[in-house]
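Asks: Got a structure here, written out as structure tokens. Questions coming.
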Amino acid sequence: MTDARSADAPLAFLKGHGTENDFVILPDPDGRLDLSSGDVARLCDRRAGIGADGLLRVVRSAAHPEAAALASEAEWFMDYRNSDGSVAEMCGNGVRVFARYLQRTGRAGAGDLDVATRAGVRHVHIGKDGADGTPGDITVMMGAAELPSGAVRVGVDGHTWPAVHVSMGNPHAVAFVDDLDEAGDLLRAPAVSPAAAYPNGTNVEFVVDRGPAHVAMRVHERGSGETRSCGTGACAVMVAAARRDGLDPAATGQPVTYTVDLPGGRLVITERADGEIEMTGPAVILAEGVIDPAWLAAGR
Ligand SMILES: N[C@@H](CCC[C@H](N)C(=O)O)C(=O)O
């Protein structure tokens, strides 16, 4: 990691999570950090680093070449990286945690703001805190799902399932199973075929029914492995479940809401008649500190 301010300047970081999908947050308003994939992987390492499923760099849109064109719509750009250092288009839990960071630092009040991501600008509503001080849930307008045509299958240890190909800006393969344990330990990425359907790899979700409009899922994330939650994955699962259940808000004009349980918590997902998907869930900032410049330099 190089920092144009000074080679030995300590770097501030925060740690946060959304339904236990956890992130290192690096404030870099002026876009001075040059983060290599190796830097990100070291920071996300759970033994030798801070530890996280991914990293959120907080940059002014105007200061980032991938977001400068969005600066008039959204002041802040979420530069999201997976824990292996790879870049992803979008992170649903990450946007909620990113918004919580902006609120905590006075850059956004309780209310509405827009966040630039690689998948476009996402509108966010920060709910009011509860009477007991519990931080309010955060709702993100996640855009519309795309369901590319063509059959796909996912497989684990020789067992395969038909899957639904869904894009939420990033790729997903959603498989309905009888029992979430069928996915095994998920220490390796599930097989996906045809591979050509996902030229840049994919996130894979395994889903069971819990009740009417209520599902539970596990996810293996591209670039991070099995995580305890995935916001874009929950949205992909909601749309796949609704279509399976014969529900399409665009056809009926009626919004549809599903509850999605994940190992790390619960998300509520609504698909509106205009196709927009709203995701609501918690976001927590739990720590902040500084990164030792000597530790950083040792990894370069
Ligand atoms: N956990 C995120 C998704 C992060 C990106 C994903 N691993 C990818 O590579 O597409 C979420 O909450 O959406």
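Just so it is clear, none of the values below were taken in a lab; they were calculated from the coordinates. Keep in mind that this is a model prediction, so the values were computed, not measured. Don't worry about glycine lacking a Cβ; one is built from the backbone with ideal geometry, like all the others, and counts go over all protein chains shown.
Asks: Can you tell me the Rg and the Dmax, both Å, for the Cα atoms in region 179-226?
Replies: Expressed in Å, the Cα Rg and Dmax of region 179-226 come to 12.1, 35.
Asks: When only C-alpha pairs under 8 Å and at least 6 residues apart count, what is the relative contact order of the chain, in percent?
Replies: 20
Asks: Let me know the Rg and Dmax you get for the chain when you use only its Cα atoms, in Å.
Replies: 18.9, 59
Asks: Taking amide H positions as placed in the peptide plane 1.01 Å from N, state which residues far from Val121 in sequence (5 or more) or on other chains have amide H under 5 Å from it.
Replies: none
Asks: To continue, here is another question. Considering the dipole of the chain built from charges on the beta carbon (Lys and Arg +1, Asp and Glu -1) around the Cα centre, which of Ala213, Ala131, Leu102 is farthest to its positive end?
Replies: Going by the Cα projections, it comes out as Leu102.
Asks: Hey, got the dipole for the chain? About the Cα centre, +1 on K and R Cβ, -1 on D and E Cβ, debye to the nearest 20?
Replies: Once rounded to the nearest 20, the dipole reads 380 debye.
Asks: ³J(HN,Hα) across region 64-80 via Karplus (A = 6.51, B = -1.76, C = 1.60, θ = phi - 60°), whole Hz, x for Gly/Pro?
Replies: 3J(HN,Hα) across region 64-80, in whole Hz: 10, x, 7, 10, 4, 5, 9, 4, 6, 9, 9, 5, 10, 10, 8, 8, 8.
Asks: Quickly estimate the mean residue ellipticity at 222 nm for the chain, helices only: each DSSP H run with n ≥ 4 gives -39500 (n - 2.57), and the total goes over all residues, rounded to 500.
Replies: -4000 deg cm²/dmol
Asks: Which values of log₁₀ I(q)/I(0), to two decimal places, follow from the Debye formula for region 86-197 at q = 0.14, 0.15, 0.19 Å⁻¹ with a uniform point scatterer at every Cα?
Replies: -0.75, -0.81, -0.98
Asks: Would you be so kind as to identify all helices of the chain, as entire DSSP H runs, whose Cα atoms reach 18 Å or more along the helix's own axis and whose mean Kyte-Doolittle hydropathy is at least 0.5?
Replies: 231-244
Asks: In a shell of Cβ-Cβ distance under 13 Å around His159, excluding His159 itself, what net charge do Lys and Arg (+1) and Asp and Glu (-1) give?
Replies: -4
Asks: Could you please tell me the mean projected area of the C-alpha convex hull for region 152-281, averaged over all directions and given in square nanometres to one decimal?
Replies: 7.5
Asks: Among Glu20, Glu66, Glu205, which one shows the biggest mean-square fluctuation in a GNM of the chain, springs joining Cα atoms closer than 10 Å?
Replies: Looking only at Glu20, Glu66, Glu205, the largest GNM fluctuation is found for Glu66.
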